[in-house]
Structure formats: C-alpha cells, structure tokens
1. Could you tell me which numbered condition residue 105 fails, if it satisfies all but one of (1) closer than 29 Å to residue 135 by Cβ; (2) at pLDDT below 95; (3) in the same structural domain as residue 142 (by TED's automatic domain parsing)?
2. Considering region 77-96 alone, what residues qualify as being closer than 14 Å to residue 138 by Cα and surrounded by 15 or more Cβ atoms within 10 Å (Cβ to Cβ)?
3. Kindly check whether there is at least one residue in region 45-67 that is surrounded by fewer than 13 Cβ atoms within 10 Å (Cβ to Cβ), over 30 Å from residue 26 (Cα atoms) and in contact with a helix residue (DSSP H, G or I) (Cβ under 9 Å, 6 or more places away or on another chain).
4. Among the numbered conditions (1) under 28 Å from residue 37 (Cβ atoms); (2) modelled with pLDDT of 95 or more; (3) surrounded by 19 or more Cβ atoms within 10 Å (Cβ to Cβ), tell me where residue 143 comes up short.
5. Against the conditions (1) without any contact (Cβ under 8 Å) to a residue 24 or more places away in the chain; (2) touching a helix residue (DSSP H, G or I) at 6+ places or on another chain (Cβ under 6 Å), where does residue 34 fall short? Just the number, please.
6. Tell me which of these residue 150 doesn't satisfy, since it passes every other one: (1) under 14 Å from residue 79 (Cβ atoms); (2) assigned to a strand (DSSP E or B); (3) modelled with pLDDT under 95.
7. Here is a check on your reading of the model: is residue 151 within 13 Å of the chain's Cα centre (by Cα) and farther than 27 Å from residue 83 by Cα?
8. Scan region 140-160 and report the pairs whose first residue is outside the structural domain of residue 110 (by TED's automatic domain parsing) and closer than 22 Å to residue 97 by Cα and whose second residue is at pLDDT 90 or above and surrounded by 11 or more Cβ atoms within 10 Å (Cβ to Cβ), with Cβ atoms within less than 6 Å and a gap of 6+ or a chain change.
C-alpha cells in the first residue's frame, strides 16, 4: 500500500486591535512544499470587505478547483492510455453552498463542465468518451475523499 503525505502551511497574523469585535482581515497565505505561496482570504460573500479580499483565492473556490483539477489529471491519463490525444481541456466548474440537515453550510454539489478538444487520427466515439468520464470520476482521488456530490456534465467533444 502506497501512502503519501501532502503538506500545506496556512499562515495568518492579527493585523488589527479589533479582533474581538470581528474587525480583522481574513487574508492569509497558503505555502506548499514545492515553494508556491498563494494569497487567500475568506470569500466576500461570507465576510464582506474590507475584512476579506475578493482578488485572492478562498477555501471554497480552492475546493471546487481541487476537484476539477484532480478529475482532469485522471481524465488526461486515461485518454492517453487509450491512445486519444487531448489538445485542450477546459472546465468551468461550479460549487453550490447550501445548508445541510443541521442547518450548517457546506458545499453540497460540485459540477464539472469539461470541454475537451482532441487532435490526431484517433478520435473517441461518444461511448468511448463516456467511458473515459465514468472511469475518471471513479478514480479521482479528491472526489473519493469527500461527501460532496460531484457530477460531470461534459460539453460535446470537439476535434481539430
């Protein structure tokens, strides 16, 4: 059994004396083991400006992007193994925040909308592309790690 450890360092410092009044910045950084530093904040839909920064990533957006990215990487791998050359992959993924049965907010549904362009002589049939989507969904590590419903609504296949 392969076990992998993934790390992220989240750093925030209190920049204000009004912390107990809730008047403090939610801006912080995410640092990853490869050296990437990503500015982050609470979403402005939850914490209004000036206490949030809409120009940076928020955890909810990152959650949606993480699911989409994982799915794409699995899809590309499976397509390459089947001999289908992918020229471009674009997904405008969406996440829906709702209240659960206890009244707690959660991202209940993430929908992926991949648009895939193939190149080369071997083009997938609709059935073959459907199977690629099916197996990519089954094998996505992130989707297998969460209780959020993840659906895939692929756009029509495009070829060059």
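The values are calculated or read from the model by the stated rules, or taken from the named source; none is laboratory data. Keep in mind the model is a prediction, meaning the values are calculated, not measured. Glycine gets a Cβ as well: all are built from the backbone with ideal geometry, and neighbour counts include every protein chain shown.
1. Every listed condition holds for residue 105 apart from (1).
2. Taking region 77-96 first, the residues closer than 14 Å to residue 138 by Cα are 77-78.
Scanning region 77-96 gives a single hit, 78.
3. Scanning region 45-67, I find no residue that is surrounded by fewer than 13 Cβ atoms within 10 Å (Cβ to Cβ), over 30 Å from residue 26 (Cα atoms) and in contact with a helix residue (DSSP H, G or I) (Cβ under 9 Å, 6 or more places away or on another chain), so the answer is no.
4. Here residue 143 meets the rest and fails (2).
5. (2)
6. That leaves (1) as the condition not met.
7. Working: within 13 Å of the chain's Cα centre (by Cα): yes; farther than 27 Å from residue 83 by Cα: no.
The answer is no for residue 151.
8. none
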